[in-house]
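The values are calculated or read from the model by the stated rules, or taken from the named source; none is laboratory data. All figures in this text were calculated on a predicted structure; none of them were measured in a lab. FYI the Cβ positions are ideal-geometry reconstructions off the backbone, even for glycines, and counts take in every protein chain you see.
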Amino acid sequence: MILLGVFALIFSINNKENESLGSGNEEYNAGGTINGDKGYISSAQIIQTKTGTGPWDANDEPGNDSSEDNNIVRSFDQVTWTIDLTMTLKSGIAESNLTGGIIKVEATIPQNCANVVSWDLDSMGWLEGSGKVSSDGLVLTGQYVMSTTDNTIPGKQTLVLVLKVEGAQNQTKIKPEFKFWLEGNEDEEKYTINDVQDVTVSAAPKYNVELKRNDSLAKEITLNENGESQNGRLYGYSLTYQLYNEGGVAKGLKGIEYPEGEINLDLNLKLEKVSTSNTNNIQDITETSTPILYNYKMNKYDNSSGFIPNRNMAVTYHAAHEWRAPAAFGGGDRQCYDSGTISMNQNKNTINTSLTDYKFNGEFPVRFVGADPGSTAINYADNIGCFSVVYFQVFVPFTEETSEGGYNYYLTVTDTNMKAYSSSGTKLSKQTIATDDSNRLQHVILNSGGYSTYHWLSSNFGNYSGSSGLYSHYSQGDAKAEIGQKFIYRFDITCGANNDSKDDIYDVNALMKFDGQVLKPTQIDGMTNRTTGKSTNSFFTSNMKFKMLYAAKKDGSNWESDSEMKSTIEDDLLFFKSEDDLKKQLGENAKCIGVLFESISGTATASSGFTLEVALEVTQQAQIGNVYQFVTSSKLYKKDKKLDRTTQTKENPTAQFPSPDVSINYNYIKTSYDKNGNIMSGTHNGGYTYGQSLLIVGGKLSVIHSVEDKTTAGSDKVNYDIGRNENTVTFGLKPQLQTSVTTGTPMSNITVTLEETLPVGLEYIPGSSSYNEPTIENLSNGGQKLTWIIYGCTVGQDIEKITYQAKIDEESANGTQYTASVLATADKIGTSLPSTRTDSNTIQITNLASHRLYKEVENTIIEKNGKIKYTVVYENKTEDPVPEFQLLDVLPYNGDNRETDFNGTYTLENINIQQKVNGAVQSTNNLKLYTTNSTTVRNMTAKDDGIGTDNIWAEKTIGSSLNESVTGIAVKGQIAGKTRLEIEVTLQTQNNEAKDIYANTAMAQVYADSEQMQTGKVETKVVYREITGKVWDDSNRNGVIDSSEKYLEGRVVKLLNSTNSTEVTRTTTNAQGEYEFTDLAKGTYKVEVEVDDLHELTDKEVGSNREINSKFNQASKQTDEITKLNTI
């Protein structure tokens, strides 16, 4: 018996289609990022150019600009190009639309603009870290990642490119070239815009030199040169060269052209004496007592030498530089980029100066180089650009003429005759302002000595800044400590920088007072006290040595009041070598209420001083929430009153002291807090020079505000792109109750309250809190205050972070920044400054205008005479209306170049339109629907002026039954911002045949002056069903077709209706053993093969390859029921 093998393949068009569009495509676009193999940018057009920002000038003369749309931009302004990109599917792509995609950007400015313009990455948040700008500022590269959840291609995307213009020359031409492409495109698919209209720079020279006296320097020195010595007084001055706009802060530096080349300036020196009895009696003594240019340098914030050798500039503290001006080099917010170099030559009473080799990088300092490190004060407003700072010193000799009694003496320094040229060669007419060109000071022979005091509180000896300080800032007066905490109380005295030798200090008694009930002397690092010869703001080191004595009231009691503490001087107290001696004499309950530091040797000269430190501990008698003061009283003795410390010491109760040369005892008012923790006005007067205050707390409260969302790189997210549906932000609030002590029982059962303030544009999402729902208060400004109360907290133990989400206003303007801030409060532990328990985060919004157009088909396969249902979707994701929206859908026809091929006809059954604005369904009264049966429409585009008006069009009612022959449809109207249109089109086919194809696209005009959008092609096919197979001689009986085995011709194969087993049709195999049943109706079938007496069927479904094994059951000679053809 010969084995007969038979296999069957069952086909339906929808199966073939599904297989061809299967998982491979989905896998390729799984990230929604790379689809340049299927789409490209077909058009890129500049739809808006803004050349500058306000305020505007009255005209367009050099340095001015009258509007944002005149293609004139001032220097130090910006140009914004808004570019509309149209993205299209490539020919032959089966999908009707794609999601995601990466738009690559390259923008180039010609070489003539090198180093005077730069692409502004900060203003283009949509680049999200991908943006890179060349070192000369001319080339921008980057990318924009489109939403992976939205249909993006075909569609439109708007990008905004911002160019910063710096100190460019007047009449400079700016003409960029833009290139755009999708990631995955080939080079030839990049779209280039190179016909951009020129933008012309408007700029003029506007410069100023600020002459400023160094108030820190008025030092008597001796000038030794050429074998001669001359005494005199040294003064310091700075020259700050500036771009300076008379338009004020609002105008900034707009319209100023960089200077170029040598800048000349004269400094005139004048010395006058004025009669004290007749102030009208003024004599110019400059010629006979001429002030001397002592030295000069670029204003480096150090003690470096000047350009004149062998003349020391660093004669005292801050003498060798001006700290109240920017530094000369380094850039940033306190230093000029590159000040160049200066030459100075004195000719009689005039100093001729020449500044050269200065450079620019487009950034300018805003504060003094010597400003406090934590300072946010702005010393130079936006209309001032400091680019070079020079420092020079003037020596005024002491002469008989300058020492005559009955006169006051005045030195005047004036800058004049400034000569400078802009980079385009325009000469400066005059300095912008003249009010800072002169300085007059009183020149004195005998200077009055000065002394400064400073009070510090810190956790360690010798470390009083940063985290070691007990305060948020040493000048703030908000120091805090806990019960049991140890810390350092430090007191400094510094001799004036310009003191003369007559003001040197030879002995000191410094009494440091504190609350003896709340504080007690202790040890830190094995030390109770420490002294050094360096002090706050000292330049030199003192060699003074000290001993410390313990102070007590005569009755051993504590201070009765803060007033008593302040008014009491050392003469009213008793002093002891040790605390044990104090208690031995006054009793165990006696209190040490201060310490006295007595000098035992050495001197303190000008710009030197000393530091006195004592270690203290907060006792259990301290009251949480109370503030305690630290004040001092000091006596200073000069040379003529130097003490004999063998007897003149407070250890000797009978010692007699001369009256001091200097007594220092300030009326300090300790810090007082209001109910919100703010320092009350009038308290902590005099700052840390007068005294210090200490608040006792049960723990240190702080809070950390965080953004919990992360970028794909894992960093904290800053930019939120509305176009990518990034419309929520997740914030984290982490309160902390920390402690500085390790002994005792920490406070517990504390209630912590968090108050989060959201600005207008952010709104809490109910139910998003990881903790209990907050109390929500709607603020008068439109923002929200969210309040969480956390009970049962313990100092030193972790408090769980609260996370929550806020909705971002989807109408937020591109570049908007939102700051959310939190304030923490707690009961029981005492108050503190709000600034120490506040934190915030700022996010930036990217909201690029975009439009989407795509088409979908409900069924890609239909039965004969079935219905085709299309949906065209248009989305306006911008806030702006589209006033001239036109959508055109040319319906399928044979020969339409879309591979349409069908028999019979079709009619338009109906058209339904749904319109949503901001997600809410709206009426379609703003839209008009038109149809036509003219073939003329097949040559139209969506930009055709005749749509809806030519006589080929007929207006229809949206949603009505039409049932008419139509060649095209159109929708027109004004579309509001944030609108989604869904246009549903139903076609009824007639007399078509299997395998017929209906292909369709749609197009739309968004902007009248930009390219139309076009959807991808969608296809509908008429179902075609068939069953095919082969009959072969399975000679080796292995159940599969082998290449050597032959096919059998003339075998009868029947098609059966599986429902009732009736025969539908039969056929015989051809020479290749093939059989087929084609164009089958929807149903369930079986195939039966006739087997003669010489054959039997081979085994069924041997192996896994269904294309070469048998599908027939041996007993029935039939296949299993075939159900795949009962569907499409």
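The criterion of at least 1 residues that are among the β-branched types (Val, Ile, Thr), surrounded by fewer than 16 Cβ atoms within 10 Å (Cβ to Cβ) and modelled with pLDDT of 95 or more is met by the following strands (runs of 3 or more DSSP E) wholly inside segment 327-401: 350-356. Among the conditions (1) out of contact with any Phe, Trp or Tyr (no Cβ under 9 Å at 6 or more places or on another chain); (2) under 17 Å from LEU823 (Cα atoms); (3) buried (at least 17 other Cβ atoms within 10 Å of the Cβ), the only one that GLY732 does not satisfy is (1). A residue that is of a type in the set (A, V, I, L, M, F, W, C), crowded, with 19+ Cβ neighbours inside 10 Å and part of a strand (DSSP E or B) occurs nowhere in segment 427-443.
Would you say GLN1072 is at pLDDT 90 or above, under 30 Å from GLN914 (Cα atoms) and exposed (fewer than 15 other Cβ atoms within 10 Å of the Cβ)? Spelling it out, it is not the case that GLN1072 is at pLDDT 90 or above, under 30 Å from GLN914 (Cα atoms) and exposed (fewer than 15 other Cβ atoms within 10 Å of the Cβ).
The criterion of at least 1 residues that are more than 51 Å from the chain's Cα centre (by Cα) and either surrounded by fewer than 13 Cβ atoms within 10 Å (Cβ to Cβ) or on the phi > 0 side of the Ramachandran plot (or both) is met, among strands (runs of 3 or more DSSP E) falling completely within segment 918-973, by 954-956, 961-964. Selection over segment 402-417 of residues that are surrounded by fewer than 19 Cβ atoms within 10 Å (Cβ to Cβ), modelled with pLDDT of 95 or more and out of contact with any His (no Cβ under 9 Å at 6 or more places or on another chain) gives a count of 4. Residue count for segment 66-89 satisfying the condition of being on the phi < 0 side of the Ramachandran plot and of a type in the set (Phe, Trp, Tyr): 1. Looking across segment 815-833, the residues that are within 30 Å of LEU159 (Cα to Cα) and buried (at least 20 other Cβ atoms within 10 Å of the Cβ) come down to TYR818, ALA820.
For every residue, the table says whether it meets (1) touching a residue at least 12 places away in the same chain (Cβ under 8 Å); (2) touching an Asp or Glu at 6+ places or on another chain (Cβ under 7 Å); (3) crowded, with 22+ Cβ neighbours inside 10 Å.
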| residue | (1), (2), (3) |
| --- | --- |
| ASP198 | yes, no, no |
| ASN208 | yes, no, yes |
| LYS212 | yes, yes, no |
| LEU217 | yes, no, yes |
| GLN230 | yes, no, no |
| GLN242 | yes, yes, yes |
| ASN245 | yes, no, yes |
| GLY248 | yes, no, no |
| GLY252 | yes, yes, no |
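Would you say LEU470 is surrounded by 18 or more Cβ atoms within 10 Å (Cβ to Cβ), farther than 30 Å from ILE829 by Cβ and in contact (Cβ under 8 Å) with a residue 24 or more places away in the chain? Spelling it out, it is not the case that LEU470 is surrounded by 18 or more Cβ atoms within 10 Å (Cβ to Cβ), farther than 30 Å from ILE829 by Cβ and in contact (Cβ under 8 Å) with a residue 24 or more places away in the chain. From the list PHE597, PHE575, the one residue that fits, being under 23 Å from LEU643 (Cα atoms), touching a Phe, Trp or Tyr at 6+ places or on another chain (Cβ under 6 Å) and either among the hydroxyl-bearing types (Ser, Thr, Tyr) or buried (at least 21 other Cβ atoms within 10 Å of the Cβ) (or both), is PHE597. Set side by side, the residues SER835, SER850 differ, and just one is in contact with a Ser or Thr (Cβ under 9 Å, 6 or more places away or on another chain), within 30 Å of GLY39 (Cβ to Cβ) and of a type in the set (Ser, Thr, Tyr), which is SER850. Answer with yes or no whether GLU260 is on the phi < 0 side of the Ramachandran plot, surrounded by fewer than 22 Cβ atoms within 10 Å (Cβ to Cβ) and in contact with a strand residue (DSSP E or B) (Cβ under 8 Å, 6 or more places away or on another chain). Against the criterion (on the phi < 0 side of the Ramachandran plot, surrounded by fewer than 22 Cβ atoms within 10 Å (Cβ to Cβ) and in contact with a strand residue (DSSP E or B) (Cβ under 8 Å, 6 or more places away or on another chain)), GLU260 qualifies.
Among the residues of segment 276-305 satisfying the criterion of being among the charged types (D, E, K, R) and surrounded by fewer than 15 Cβ atoms within 10 Å (Cβ to Cβ), which is nearest to SER216 (Cα to Cα)?
From segment 276-305, those among the charged types (D, E, K, R) are 284, 287, 297, 300, 302; that's our starting set.
After this cut, where a residue has to be surrounded by fewer than 15 Cβ atoms within 10 Å (Cβ to Cβ) as well, the list is 284, 287, 302.
On the way: ASP284: 26, GLU287: 27, ASP302: 14 Å.
Among those residues, the one meeting the criterion is ASP302.
The test for being assigned by TED's automatic domain parsing to the domain that holds THR1001 and either without any contact (Cβ under 8 Å) to a residue 24 or more places away in the chain or assigned to a loop (DSSP other than H, G, I, E, B) (or both) does not hold for VAL873.
Residues in segment 722-738 that are over 18 Å from TRP788 (Cα atoms) and at pLDDT 90 or above were compared, and the one that is nearest to the chain's Cα centre (by Cα) is VAL729. Conditions first: (1) touching a helix residue (DSSP H, G or I) at 6+ places or on another chain (Cβ under 9 Å); (2) under 20 Å from TYR550 (Cβ atoms). GLN648 passes all but one, so which condition is the exception? GLN648 satisfies every listed condition except (1).
Inside segment 943-999, residues that are out of contact with any helix residue (DSSP H, G or I) (no Cβ under 7 Å at 6 or more places or on another chain) and within 22 Å of HIS851 (Cβ to Cβ) make up a count of 23.
Just to be sure, is GLY32 outside any strand (DSSP E or B) and either at pLDDT below 55 or within 30 Å of ASN1126 (Cα to Cα) (or both)? Explain how you work it out, then say what you get.
Numbers: outside any strand (DSSP E or B): yes; either at pLDDT below 55 or within 30 Å of ASN1126 (Cα to Cα) (or both): yes.
It is true that GLY32 is outside any strand (DSSP E or B) and either at pLDDT below 55 or within 30 Å of ASN1126 (Cα to Cα) (or both).
Just so you know, in segment 1085-1118 the residues that are touching a Lys or Arg at 6+ places or on another chain (Cβ under 8 Å) and assigned to a loop (DSSP other than H, G, I, E, B) include one that is farthest from ASN1038 (Cα to Cα), and it is GLU1090.
To keep it simple, each residue is scored yes or no on (1) closer than 24 Å to MET527 by Cβ; (2) assigned to a strand (DSSP E or B); (3) within 59 Å of the chain's Cα centre (by Cα).
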site: LYS583; (1), (2), (3): yes, no, no
site: PHE597; (1), (2), (3): yes, yes, yes
site: LEU612; (1), (2), (3): yes, yes, yes
site: ALA615; (1), (2), (3): yes, yes, yes
site: TYR668; (1), (2), (3): no, no, yes
site: GLY677; (1), (2), (3): no, no, yes
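Highlighted here are the strands (runs of 3 or more DSSP E) found entirely within segment 780-859 that include at least 3 residues which are hydroxyl-bearing (Ser, Thr, Tyr) and in contact (Cβ under 8 Å) with a residue 40 or more places away in the chain: 817-826, 838-846.
In this structure, is GLY129 outside the structural domain of LYS717 (by TED's automatic domain parsing), surrounded by fewer than 22 Cβ atoms within 10 Å (Cβ to Cβ) and under 30 Å from THR860 (Cα atoms)? No; evaluated as a whole, the condition is false for this residue. Here TYR771 does not fit the description of being in the same structural domain as ILE802 (by TED's automatic domain parsing), touching a Pro at 6+ places or on another chain (Cβ under 9 Å) and of a type outside the set (D, E, K, R).
Quick check on SER1061: is it surrounded by fewer than 22 Cβ atoms within 10 Å (Cβ to Cβ), of a type in the set (Gly, Ala, Ser) and farther than 26 Å from THR1119 by Cβ? Answer is no for this residue. Do the conditions hold for LEU695, that is, is it over 30 Å from the mean Cα position of the chain (by Cα), outside any loop (DSSP other than H, G, I, E, B) and surrounded by 15 or more Cβ atoms within 10 Å (Cβ to Cβ)? Taking the combined requirement at face value, the residue satisfies it.
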